[in-house]
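K.L.:
Below are the structure tokens for one structure; questions will follow.
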Amino acid sequence: MTDRRMFPHGPLSPMPVRRRLLLLLLTAALFPTGIATAAPLRTDSGEFSARGLGGGVTIVPGRSGLVEISGYDGADLPAGSSLRLTAPAGARVTGTPLADTARFQGEVTADGVSGTYTYVRDSGPGSWKDGGYPFALAVDARAVPGTRLPGCAVVLTDAGGARRASGRCTVTVGMPVPTLTEPAGGTFVSGAARLAGTSYPGARVSVLDAAERKVCAGVARIDGTWSCTPDTPLPAGANRLHASAAFNGVSAVGEDVDFTVTARTV
């Protein structure tokens with residue numbers, strides 16, 4: 001059956017053999033390499049970089065992290081070449097750790113919009129190819145976990161300012177680590193004690209035991225607090241629990257809390 005979405009006016013009539021041959025010859029003349037595919041980045045100097053630059057990192061709101069940029073495989077670039085990262089919306093560049101070495105100078109704009117490495121000393125072939133180049137980024141405390149911050153970009157230029165490669169970096173807002181504050185570590189409680197702590201507002205929080213069995217679960221309130229009561233009383237003796245929180249596709253696990261459950265009396 002003919003698909004009308006492809007041929008709204010009915011199926012195409014068979015093409016005469018002579019016309020097919022003429023069309024094939026014309027296609028070969030116009031496109032000698034066949035069907036075009038996505039081409040690698042062409043640099044201003046006429047050379048090609050087969051892979052784009054890139055890197056990714058997950059950072060919790062209000063915290064900092066490192067995104068490492070790599071992927072350059074073009075011609076060796078001498079001293080004076082530079083790699084610049086533009087921070088995404090909701091984040092700022094706070095440092096260029098490799099600037100402490102003798103090979104690179106680092107610069108961060110006063111507003112944190114971008115950071116730049118400049119290659120200052122030739123050390124043989126392979127400049128910009130020998131590993132990741134880290135940029136420190138700080139994410140706004142108001143960022144929502146699970147979102148990807150837009151606008152992170154990188155560009156590599158030679159000593160004359162000609163672009164040699166470019167790409168994008170991925171900055172995902174991570175999930176803050178939840179806490180389990182009740183019971184406090186080292187205390188004695190009853191088996192049906194209320195469990196409580198803090199997490200990102202709206203996060204689904206589960207309390208797990210040492211064997212990763214769920215003890216109880218709840219949702220963090222607007223003030224970031226959560227609480228739940230064990231589905232079944234905790235066993236008498238030593239116990240170890242931790243909280244796990246999930247929100248908007250990201251998750252985090254809190255630290256273990258050790259406490260003792262007192263024997264139940266009849």
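The values are calculated or read from the model by the stated rules, or taken from the named source; none is laboratory data. These numbers come from a predicted model, not from an experiment. Ideal geometry is used to build each Cβ from the backbone, glycine not excepted, and the neighbour counts take in all protein chains shown. The area values use the complete protein model at the heavy-atom level, side chains included, leaving out ligands, DNA and RNA. Shrake-Rupley method; radii C 1.70, N 1.55, O 1.52, S 1.80 Å.
K.L.:
Place a +1 charge on the Cβ of each Lys and Arg in region 159-228 and a -1 charge on the Cβ of each Asp and Glu, then give the dipole magnitude about the Cα centre in debye, rounded to the nearest 20.
P.N.:
500 debye
K.L.:
What size of dipole, in debye to the nearest 20, comes out for region 72-226 about its Cα centre when the only charges are +1 on Lys and Arg C-beta atoms and -1 on Asp and Glu C-beta atoms?
P.N.:
440 debye
K.L.:
Testing the spin-label approximation: label points 7 Å from Cα along Cα→Cβ at VAL144 and ALA102. State their distance in nm.
P.N.:
Once both label points are built, they end up 5.1 nm from each other.
K.L.:
So, by mean Cβ neighbours within 10 angstrom, what's the order for 252-259, 170-177, 232-239 with the highest one leading?
P.N.:
In decreasing order of mean packing, 252-259, 170-177, 232-239 become 170-177, 252-259, 232-239.
K.L.:
Could you give each residue of region 210-226 its phi-based ³J(HN,Hα) in whole Hz, using Karplus coefficients 6.51, -1.76, 1.60 with θ = phi - 60°, and x for Gly or Pro?
P.N.:
5, 9, 6, 8, 6, 8, 6, 8, x, 10, 5, 6, 4, 8, x, 8, 9
K.L.:
Starting from 0.36 nm per residue, how many nanometres of slack lie between ALA211 and ASP111 once their C-alpha separation is accounted for?
P.N.:
31.2 nm
K.L.:
Shifting gears a bit: Keeping the other protein chains in place, figure out the carbon and sulfur percent of the accessible area of region 132-245, with a 1.4 Å probe.
P.N.:
Carbon and sulfur: 54 percent of the exposed surface of region 132-245.
K.L.:
For ALA263 and ASP223, what does the FRET efficiency come to when R0 = 35 Å and r is the distance between their Cβ atoms, rounded to the nearest 0.05?
P.N.:
0.50
K.L.:
Please list 3J(HN,Hα) in residue order for region 75-88, calculated via the Karplus relation 6.51 cos²θ - 1.76 cosθ + 1.60 where θ = phi - 60°; whole Hz, with x for glycine and proline.
P.N.:
5, 4, 10, x, 4, x, 6, 8, 10, 10, 10, 9, 5, x
K.L.:
Same structure again: Going from most exposed to least, what order do VAL60, VAL154 have by accessible area with a 1.4 Å probe?
P.N.:
The ordering from most to least exposed comes out as VAL60, VAL154.
K.L.:
Name the long-range amide H neighbours of ALA143: under 5 Å, sequence gap of 5 or more, or other chain; modelled H, no Pro or chain starts.
P.N.:
Sorted by chain and number, the residues that satisfy this are GLY62.
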